Each structure stands twice: as structure tokens, then as C-alpha cells.
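Only one structure is covered here, and it is reproduced in the block below.
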Amino acid sequence: MSHHATAGTFLAIPGALWFLLLTVAAAGALAWSLSRKWQLLTAGTGRVPLDRWGERIRGLLVFAIGQKRMFQEPLAGVMHALIFWGFLVFSVRSLSLIVEGLTRGWELPFLHTPVGSAYLFTKDVFIVLVLAGVAVAAWRRLVTRPARLELSADAWVILGLIATLMVTDALADGARIAGGAPGNWSWTPVSAMVGGWLAGSQAAALHATYTASWWVHLVALYVFANYLPYSKHFHVYTSLPNVLLRPLDPPGRLTPMDLENIQEGSTFGAQRITDLTWKQRLDLYSCTECGRCTVVCPTTITHKPLIPRDLTIALRDHLNDSAKEIIGDPGGASGVPSRELAGDVIDPQVVWACTSCRWCEEACPIFISYVDRIVEMRRHLVLEKATFPEEAEPAFRGMEVNGNPWQLAAETRADWAKGLGVPLAAEGGEFEYLFWVGCAGSFDDAGKRTSQAFVRLLQEAGVSFAILGPEESCTGDAARRLGNEYLFQTLAQTNVETLNRYGVKKIVTNCPHCFNTLAHEYPDFGGRYEVVHGTQLIARLLAEGRLTLTGEVRREITYHDPCYLGRTNGEFRAPRAILSAIPGLTLKEAPLSGRRAMCCGAGGGRMWLEEKLGERINQVRVRQLQESGCRDVAVACPFCAVMVSNGQQELGQEEARTFDVVELAAQALGRRDAAS
Ligand code: SF4
Ligand code: SF4
């Protein structure tokens, strides 16, 4: 039996020539498809990040090659990892088969070394593992049907092609083994087993089996490669670069707009798909449609129109549909698509629903970003069209005129501190920490209680601090996330000027939104400070023995992680350390806590908007928190405090209470059960 599938002739044309023609056609078609996608990607704005390669490659190894985030769901993770790792192993095999088909007698150069034996063994074992992965994928689609999976013909085509590649590989080698072909077959147990099944067949039948399997394998490979760019499985090509080139900035930092150098005819924010950066478009092409983002999104959970996966798919389909307008026919002129994003492609209600909680981004196995894309669309609506939910208008006006979204008089900003001996920076004394009180800490009743409690703790620990008082203004977090970049930058510049005038080096704040903006966004405006959250400072003072909590607070309580302290800034430990240090207090975790805590509904500027659609997010969150078995909730964010407390009241839970962690710590300063 010949050991070369292209050795014969067909229609008097040598098999090798047929294979060459097939390979050229497949490679040409793939190159054309990829070049169209490449042009659609590179028609975008934004630089390619070429920094921190060590971190990028580490992330690639851990998250892409190692599939780390996939294992958050063990069965699905194992299934995908087997198929993905098999894909990597078989890419070497596929290349060798192509060269083998074109060059008679060619073999992998290392095939007869120990490395070759190890490779053959691995490849053979992966035939079974990949088929097992395909079987699990089919089982999930046919039987268990997880809610996040959409049944699509596309998935079946891909699973069928993968299974075909595995089966034909084993059959081709099995036929060769049964036909007595020379080779290191002791390292190919699966093919040897198939060879055993075929043993005793006639030589002609074995040859036909080998030749047919080889050709079907290669044709399936070429169909697979050419089908991918037109399917959701295009991520096979794009996910590795997407993980490699993921943003490494702090996740809570939004990219500033250059408002000082506005070009003639330029557009604010994302009006059209071409206004998204190339990376945002690579995100669209990388989405696997797995739905992991969707099952955790608070707006989807509460039946609002924002469904992250659908948003990505709609934008991706629009990008593909706009290919003619963007890059023209082959050789044609470039242009911009006629359809706008918000309004024509995406319902504006989708754009305004996001709370910027970033759980979707945390859940996405390939680091697809949502918040920046959504804020870009909001920027366009606000700055170009002046179209935004009407409730945002008073908040914008309040921030602009009074320096706070409550629209309260700026000169009353420090009234909460009267009689507490709180120094103002303007008094000229030395201080270590600038206590950034924030709008909620200055004007909201619960926020004011937290500020007063925090002052008690600082004074007890002997920390030198000062506040800006009426010179403090809103950080602009909500304005920025609602798309009003102009207002945000005005506030940021004023605040940075004030802080720098006082030579501020360290800032402590109880508001995670202020924390995020001061720490990660003010550096873009010349404000570089060491910023800590109030709970981080208190936890440190406790650990250093500068603060001791001796008063009992007899409560069972659960802790709600604020998105901007927890998921966005990675602080889960400090609030829990404080709660654990309070005598008499028992902390019970809710099932959805820590990194998996759902948003309260206030982020992304939603604090200032009506929630008219679906269930209220704060009520759903309160119910989730009660799964801890606790009635009372501790928070570490003034906006969470408002939302959770309102949720408890809306659900008729008269007895339930919401406390800031700082407030509870102050209650434990030597008094007996002040909270009860
Ligand atoms: S940031 Fe939060 S609210 Fe916005 S799409 Fe993602 S999960 Fe949904
Ligand atoms: S954005 Fe990420 S998590 Fe969401 S469907 Fe796409 S790949 Fe899955």
C-alpha cells in the first residue's frame, strides 16, 4: 500500500497537483477574507499597545493558553480547554500533513526523536480528549441546555468539522498501521487501536480508507479555516491577540478625550462604528457568544434591554454589514457607514442602562471590554446631540453650579463637620491625609454620619488630616460615566488645582467612586496622589495597633462589596478585616459576594437616573444579600448605602438596617452595642 495519499492520479492529473490547487485556492480565499477583516479593524482609531510585554505574555499564557477564566465553570471549562489544547496540538499535525501532501516523502524533522514520539503520543491522546470535549459540548446543547448558551447551526457546523478532523486522523493512521506501513506506532495508542479494528481488511480497502480519510481530513481543515471568519468562531483567530493586547490600565480608568485640540469635523464619542478603536473592534470579532457576561449583568438579570452579549453581536454584525461602506469593494474607496450606533443600531435605552459594574468584563474569558465602549456612545449622545435621560439634567446642573449633584449650596459642604474639630486645609496647618469627603459624605444624611464616624476614628488613632470644605467639589465620576466628559474635565481640573495648591500627597476617602477617580483618572490631569479608601486606612490602623475596637456591636451582618472598591479596585479584604475586628459582630457572607457581588444599581451615573424598566436592581441585590441569613447589611460606599437601604424599605423590611463599615467601627470605639 502506498503511504502517500496524493501519490495517485485523478482525471490524469497527479494527486499532488490536485492538492496544490486545493491548497492555493483555500489559502487564497482565507487570505482574502482575513484581509477584509484586517481592513475593517485597522480603519479604527487608537494606538496598538506595545508596552509591558512581560505582563502581556504572562496573561496570554495564563488566560489564553491556560484558559484560566474558563474554569470558573468547571465542566464547560474542561470541555473548552480540551478542544482548545487539542487545536494547538493539531495545528502542528495539520501543517505537517499539508507539507506531506505537497512534498512526497516529507516528515516532521523531529519525528524520529524522543520529542517526536512524545508529540505523536500527545496528538493521539488528544484525538480522544477532543472528541470527549465535542461530546460534552453536544450534550450541553442537546440535554442540559444552560441558559447562557444559544443554540445555533454555526456551533453544530464547527463541532461537526472538529469531530471529522479527529476521526479522519485516527482512521488514516489506523489504516496505515493495519496495512503494515513502517512507523513508530507504539507511540500512537489510539491509532493503533483503530488499526487493530481494521486488521484483516484487504490491502485495497485499507488504501482506500487511508486515502479517503486523508483527503476528507484536509478538505475539512480548509473548510474549517475558511468558515471561521464568517462565524462566531472567528475567535479561534482573534482571541489570542485579544488577550495579548488587552488593556493593562487600571480597569476603572476611562480614556480621556482631548477636548483642547478639537479637529475640524471631528466627532465626540462613538457616533459610528468607525469611531470605535481598533481594539474595541477586535473585541467584537473575538466574542465567542458564550454568554458568560450576560448571566451576570445586573441589567439583564432585572430584565432591562441591555444584554451585553447581544450588544456585542449587534455591533459585530453591523461592522460586517458595513464592510462595503467602510472599505469599499475590493480596490474601492474607503468611507464611513451611514448608520449611527445609538439610535440606528443600538437602542439608546441599552446605552443608558449600564451601571459600569464591570462584572461582564470580569466574567469574559477573553477580556472583552464593555464600559469604555458604552461610555463612548454616551459621550456622543451627550456632547454632540445633547440627548440624555431628562433626570440627568439636574444632576449635571448641580455639579456645574454647586459642585454637587444634589444641587445644595456649595458653602454648606462642610456643615456636617461643625463642632467636630475638623481642620480645613485653608487654615494652613500641616496634615498627613487630605480627607476627601465627597458629595454623599457631605450632603446625604447617611453619608454625613459616615463622615462623622470616620473623623472619630481618625482622631482616636491620632491621624493628622484636613478637609477642603467648601473648596472641595464633586470629582465628576458620575458626569464622566454619563458621558459628560466636558463637565468631568472641568471639575477634575478645578479639583486638581486646589489639591496641588495645598501640596496634597495622600488622600483618604470613603467613597469608592471618588477613590477610583482620584487614584486612576486624576493623574491624566496632573493630580498624582497616594489614594486610599477609608476602610483600607482603618484596617491598617487596626493592624498597627493605633486603633482598638473594644465596644460590642451585637449584630449578624452581611457585607455588600461595592463594585468600584471590589471588582474594579481589588479591595475585598479591608472592610472584612474591620468587621471581623468588631467585638460581638458576626459577618456572614452572601453566596454572591466578593468578586461575584452584583451591583446595587447606582454605578455609571445610574444613581441619578430613574429605573423605569424591569425589576429594580437594588431590590434584587437585597434579596441576594439575604441569602446569607442576615437582615442587616454593611457597605463601604455611600451610594450602595442609599441603594441597599432603599431596597430594604421598598421590600417592606422595616427592621432591616444598612450601615457603612466605618460607622460600625466607630460604634465599637469603646461603647457597648451602640448600634442596637
Ligand atoms: S458593566 Fe455591568 S451593567 Fe454594564 S454591561 Fe457590564 S455587567 Fe452589565
Ligand atoms: S463578551 Fe465575552 S463573556 Fe460575553 S459572550 Fe462574548 S466572549 Fe462570552
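The values are calculated or read from the model by the stated rules, or taken from the named source; none is laboratory data. Keep in mind the model is a prediction, meaning the values are calculated, not measured. Every residue, glycine as well, gets a Cβ built from its backbone with ideal geometry; the counts of neighbours run over all protein chains shown. Ligands, DNA and RNA are excluded from the accessible area calculation, which covers all protein heavy atoms including side chains. Shrake-Rupley method; radii C 1.70, N 1.55, O 1.52, S 1.80 Å.
When Asp275 is tested against the conditions (1) within 16 Å of ligand 1 (Cβ to nearest atom); (2) more than 14 Å from the chain's Cα centre (by Cα); (3) buried (at least 21 other Cβ atoms within 10 Å of the Cβ); (4) of a type in the set (Asp, Glu), the lone failure is (1).
Do we have any residue at all in the range 141-162 that's under 24 Å from Leu95 (Cα atoms), surrounded by fewer than 16 Cβ atoms within 10 Å (Cβ to Cβ) and of a type in the set (Gly, Ala, Ser)? Looking for residues that are under 24 Å from Leu95 (Cα atoms), surrounded by fewer than 16 Cβ atoms within 10 Å (Cβ to Cβ) and of a type in the set (Gly, Ala, Ser), one finds at least one in the range 141-162, hence yes.
Among the residues of the range 445-457, those that are surrounded by 21 or more Cβ atoms within 10 Å (Cβ to Cβ) and of a type outside the set (Val, Ile, Thr) comprise Gly447, Ser451, Ala453, Phe454, Leu457. Considered as a group, the residues in the range 428-444 that are modelled with pLDDT of 95 or more and among the charged types (D, E, K, R) include one that is surrounded by the most Cβ atoms within 10 Å (Cβ to Cβ), and that residue is Asp444. Give me the residue from the range 596-628 that is over 13 Å from Thr355 (Cα atoms), within 13 Å of ligand 1 (Cβ to nearest atom) and out of contact with any His (no Cβ under 8 Å at 6 or more places or on another chain) and, out of that set, least open to solvent (accessible area, probe 1.4 Å). Per the stated criteria, the residue is Val620. The set of residues from the range 384-424 being open to solvent by 50 Å² or more (accessible area, probe 1.4 Å) and of a type in the set (Asp, Glu) comprises Glu384, Glu390, Glu393, Glu400, Glu411, Asp415.
Restricting attention to the range 266-325, which residues are part of a helix (DSSP H, G or I), touching a residue at least 12 places away in the same chain (Cβ under 8 Å) and of a type in the set (Ser, Thr, Tyr)? Matches in the range 266-325: Thr274, Tyr285, Ser286, Thr294, Thr299, Thr312. Quick one: would you say Ile262 is in a helix (DSSP H, G or I), surrounded by fewer than 23 Cβ atoms within 10 Å (Cβ to Cβ), of a type outside the set (Phe, Trp, Tyr) and not assigned by TED's automatic domain parsing to the domain that holds Ile617? So Ile262 fails the test. For Gly105, indicate whether it is exposed (fewer than 14 other Cβ atoms within 10 Å of the Cβ) and part of a loop (DSSP other than H, G, I, E, B). So Gly105 passes the test.
Residue count for the range 122-156, restricted to those that are assigned to a helix (DSSP H, G or I) and in contact with a Ser or Thr (Cβ under 7 Å, 6 or more places away or on another chain): 2. Take Leu542 and decide whether it is in contact (Cβ under 8 Å) with a residue 12 or more places away in the chain and within 24 Å of Leu434 (Cβ to Cβ). Taking the combined requirement at face value, the residue satisfies it. The selection criterion, being touching a Gly at 6+ places or on another chain (Cβ under 7 Å), within 16 Å of ligand 2 (Cβ to nearest atom) and within 27 Å of Lys324 (Cβ to Cβ), holds for Leu276.
Listed here are the residues, each with its yes/no results for (1) open to solvent by 40 Å² or more (accessible area, probe 1.4 Å); (2) free of Cβ contacts under 8 Å to residues at least 24 places away in the same chain; (3) outside the structural domain of Ala178 (by TED's automatic domain parsing).
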position	(1), (2), (3)
Leu20	yes, no, no
Thr42	yes, no, no
Gly66	no, yes, no
Pro109	yes, yes, no
His112	yes, no, no
